[in-house]
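I have placed the structure first, in the form of structure tokens, so that the comments after it can refer back to it.
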Amino acid sequence: MKKKILSIITALCCCSAIQLSGVSAMVGYETVNDSGEILKEVNGHTYQQVYCVDCLEYGEDFPNEEKLADYDFLYIRTDGKELLAYEKQPDYIHLNINGNVDLKQLSEFVKKLDSKAGVKGNYNIAEDSVSVYESGSIIGFNDLSKGKEIITAITKQYDNITATYVKPYIITNRQLRTTPTYSGEYEEAIEKYISDNNINMTVQNVDYSDVISSYKHPELMSESEWEQYDQIELISETEMSAKEVLEFENELYNATGIQPIWSVLESAMGDSEEYNGKDVLNGDANCDKEVGLADALAILQYVANVEKYPLTAQELFNADIVGDGDGVTPLDALEIQKWDAFKII
């Protein structure tokens, strides 16, 4: 008994030491390269996380300043052609129902675990006019920890329900222009800004002659249709990265209020994270269906050296038990050690 308590105290000291080292854990399905840049794979492309939220404060199609607080992450595609802004949606539990389930009974079962949680069902009408539930969702639960508790309980109680914990994100995605591009009406004001600030850029008109000549009757175009072809590009004497283009456009906007022209994609993408309910167990950092000091050790090793002691996405999800989805930290290991100590007292 004394030896076990002593080992816990030793582990807690190590936990505090690692916490002070400032090692940060990976988030979701992201990776960190040798330069410390956070990368994310989406639809076959690689994106780099950036931290210039101000770059999004202009533009009619992107959110206004009040809306920016909803966007948790910004990413620029490594080829500089697209910007992604992630908006976190409330977590929910998806239910795949195989056979008959009394939805009222299920709702009461969930309410006993969390009075705030609600159950919704999607059903089809069978030939005998009986409603058959095929799927559903649980929403409104208190926090990540409570959601994990609910999903674990449902998996144990109902053999004919497959439960999946979902962390949904809505992505607003915007194609980026390789050079800053503006409406031609701002040409004089932009040239003055460039001159006054000794910026090594030149202004040139965008050549749309090929596009215009493709119209059979360009003389029938309205004034507003013609205006879309009155555009200027700012050509830098040195090559600019996508991030540098965004930063320049934001500086110009803050100084003059002039907004750039964007190419907006037709629809937003989704990039939700999903976790199998059968593998969800609070604190089970090694997915062995048990929670103990082995899980605390796995977390401490991961935080100390993520490359040598990696954890899968499911293991990271299980391990994140302290805080509101803030990632895996030594505090999660500390909480598991507390649980284990109470088991032996």
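The values are calculated or read from the model by the stated rules, or taken from the named source; none is laboratory data. Just so it is clear, the structure is predicted and the values come from calculations on it, not from any experiment. When we count neighbours, we look across all protein chains shown, and the Cβ atoms used for this are built from the backbone with ideal geometry, even at glycine.
Residues in region 93-125 that are surrounded by fewer than 17 Cβ atoms within 10 Å (Cβ to Cβ), part of a loop (DSSP other than H, G, I, E, B) and either within 30 Å of the chain's Cα centre (by Cα) or in contact (Cβ under 8 Å) with a residue 24 or more places away in the chain (or both): N98, G99, N100, S115, K116. Apart from one condition, V306 fits all of (1) assigned to a helix (DSSP H, G or I); (2) at pLDDT below 90; the exception is (1). The single condition among (1) modelled with pLDDT under 80; (2) farther than 30 Å from Y182 by Cβ; (3) among the acidic types (D, E) that E223 does not meet is (2).
On inspection, E251 qualifies as surrounded by 11 or more Cβ atoms within 10 Å (Cβ to Cβ), in the same structural domain as Y182 (by TED's automatic domain parsing) and either modelled with pLDDT of 80 or more or part of a loop (DSSP other than H, G, I, E, B) (or both).
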